[in-house]
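The values are calculated or read from the model by the stated rules, or taken from the named source; none is laboratory data. From a predicted model like this one, the values you see are computed outputs, not experimental measurements. As a convention, Cβ positions derive from the backbone with ideal geometry for all residues, glycine included, and neighbour counts pool all protein chains shown.
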């Protein structure tokens, strides 16, 4: 339990770092981006809106920076992330309406990618040296391909030319959004290709990691023992795979960060609603309040996913339950 | 040094050849490009032909020249960011592993925090605060990428240093009275080389990906050519919908090839560190009757390393 608490402490600290970076970055950047933004906005938006941006980023305020930092935290705990400049709505309400799309798309893709990638990697590790090894360079190529590129090419070939998949977007424009069968069916239908493209690029990482670990584990005595006992091959693979999967789970933090980053760009390619699309618009329009909110929500979500992976690891590997300094 | 020779598997050779070509392009690309990549000299939206191998853009720029020109910025940023990140990870990782105690706690905590922060979103946030003049400087961007990408290497290096720290030869030099920095630099660092190389390759791979992603989003100066910028312009002009694949696809393939070559080299290093993996790549040649049965269960035959055996 202490181990888990420690991890939780690290994540709390990470969240604090992210929030503090959000606060200090615009204030410390050379060239004062906020002041130039306000210069650009003057005349386009109401004085109240300019005032609210000034308040949020501490331009032309007389209170000390620590007072501002305190106020920033107070606002945060009240769920107030400021007002989006381009969308003229509060950042929290914008995020609340879009986060489900991203959570759905990336969540499904992450789980599928982990499950299929690990399973394939286990089999590849088992049949090492066989013809299946020729899959490795192919997987490496997909791993090295930027998600947005692979996604775009898949749209071109599979959707535009072959018409196997529907057009861009998240659902059929003719379907009425709501909890009805037609809408859910079109949701799944339109989600297939984005998920598939994330799957193709992200699966390779899990697969190669698992394969290498599997090859190493197969050399251990307990696998030989399992074979000698005459266990069916399926059981032996299962035995070895359970031990080989641990590093994959332990490295979840690294993998999820890369996956989420890539998947955010996939949203742009597929014109899929969600945080990734918001992020692009926020950067292009220099909508700093929205940008800050998005970064915060992405960080917290990634940390949450890491925490789940840690709990899973704790449950999978009894050795972690007794604290040992590595 | 003979022992550091990488296993000469086809994977490693392929990786070296591909990476070599792109490194060469990084150096000579801007010199051999047939036209100025930025000047709209030609008819617009030409398909590939013998005069324009990859056609022209909607402004009438030669796409092939852009591809050659873009190799430099893309590769330089990847290498610079990779190197800076690796230096950072050595400083943090090796010190944490060797010094231990409170220093280790603090440094490990720092790298764990950076590891859990999502890299690309952080990068986008920092980048969009940068003034436009800074964004056009590939070195600044490279530095920012390095800042988000060093933590993984630090963690791996720390773990390896920890395991080296208590080996007998390190103990011996400590007893002899060697200074701390000397033990770290002379005794421990050489044994970290394979891991260091693999972490360098990984960070270069990450940096190329991060830089081209930023450029694809239009967050770098869009008049400095790199492969991401090319895709940005292609996307902005709906090149794919107009079936101008020759505009969008080649830069993407280049990124993927650079990444693949780095990953292939990494395989070589993995096989060097972990001999069990080495046997996995063996192809038994010769008549079918003489073939050894495929390694399937229990034992993994280890390839006899004829190049490394000198003693």
(Q) Out of the helices (runs of 4 or more DSSP H) lying entirely within the stretch A:128-227, which hold 3 or more residues that are touching a residue at least 12 places away in the same chain (Cβ under 8 Å) and more than 9 Å from every other protein chain (Cβ to nearest Cβ)? (A) A:181-218
**Q.** Residues of the stretch B:237-252 classified as within 11 Å of chain A (Cβ to nearest Cβ), assigned to a helix (DSSP H, G or I) and at pLDDT below 85, total
**A.** 2
**Q.** Lone qualifier among B:63, B:126, B:141, B:90 - being within 9 Å of chain A (Cβ to nearest Cβ) and either buried (at least 18 other Cβ atoms within 10 Å of the Cβ) or touching a strand residue (DSSP E or B) at 6+ places or on another chain (Cβ under 8 Å) (or both)
**A.** B:126
Q. Residue A:66 is checked against (1) more than 23 Å from the chain's Cα centre (by Cα); (2) exposed (fewer than 13 other Cβ atoms within 10 Å of the Cβ); (3) at positive phi and fails just one. What number does that condition carry?
A. (3)
Q: Please specify each residue of the stretch A:294-311 satisfying the condition of being under 11 Å from residue A:18 (Cβ atoms) and facing chain B (nearest Cβ under 7 Å).
A: A:295, A:298, A:299, A:302, A:303
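Table: residues versus (1) assigned to a helix (DSSP H, G or I); (2) within 14 Å of another protein chain (Cβ to nearest Cβ); (3) touching a strand residue (DSSP E or B) at 6+ places or on another chain (Cβ under 7 Å); (4) at pLDDT 85 or above.
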residue	(1), (2), (3), (4)
B:162	yes, yes, no, no
B:206	yes, yes, no, yes
B:220	no, yes, no, no
B:230	yes, yes, no, yes
Q. Within the stretch B:183-190, can one find any residue that is in a helix (DSSP H, G or I), at pLDDT 85 or above and over 16 Å from the mean Cα position of the chain (by Cα)?
A. no
**Q.** Index of the failed condition, residue A:89 passing every other in (1) more than 20 Å from the chain's Cα centre (by Cα); (2) farther than 30 Å from residue B:260 by Cα; (3) buried (at least 16 other Cβ atoms within 10 Å of the Cβ)
**A.** (3)
Q: Report whether or not residue B:171 is assigned to a loop (DSSP other than H, G, I, E, B) and farther than 30 Å from residue B:255 by Cα.
A: no
Q) Does the stretch B:24-32 contain at least one residue that is surrounded by 21 or more Cβ atoms within 10 Å (Cβ to Cβ) and under 21 Å from residue B:252 (Cα atoms)? A) yes
**Q.** Those residues of the stretch A:20-36 which are modelled with pLDDT under 70 and either buried (at least 16 other Cβ atoms within 10 Å of the Cβ) or in a helix (DSSP H, G or I) (or both), in sequence order
**A.** A:29, A:32, A:33, A:34, A:35, A:36
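Can you find even one residue in the stretch A:236-248 that is within 27 Å of residue A:102 (Cβ to Cβ), more than 8 Å from chain B (Cβ to nearest Cβ) and assigned to a helix (DSSP H, G or I)?
Taking every residue of the stretch A:236-248 in turn, at least one turns out to be within 27 Å of residue A:102 (Cβ to Cβ), more than 8 Å from chain B (Cβ to nearest Cβ) and assigned to a helix (DSSP H, G or I).
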Q.
When you check residue A:269 against the structure, is it closer than 21 Å to residue B:212 by Cα and facing another protein chain (nearest Cβ under 10 Å), yes or no?
A. yes
Q | Those residues of the stretch A:111-125 which are surrounded by fewer than 21 Cβ atoms within 10 Å (Cβ to Cβ) and within 13 Å of chain B (Cβ to nearest Cβ), in sequence order | A | A:123
Q: Test residue B:259 against the criterion of being within 8 Å of another protein chain (Cβ to nearest Cβ), modelled with pLDDT of 75 or more and assigned to a loop (DSSP other than H, G, I, E, B), and give yes or no.
A: no
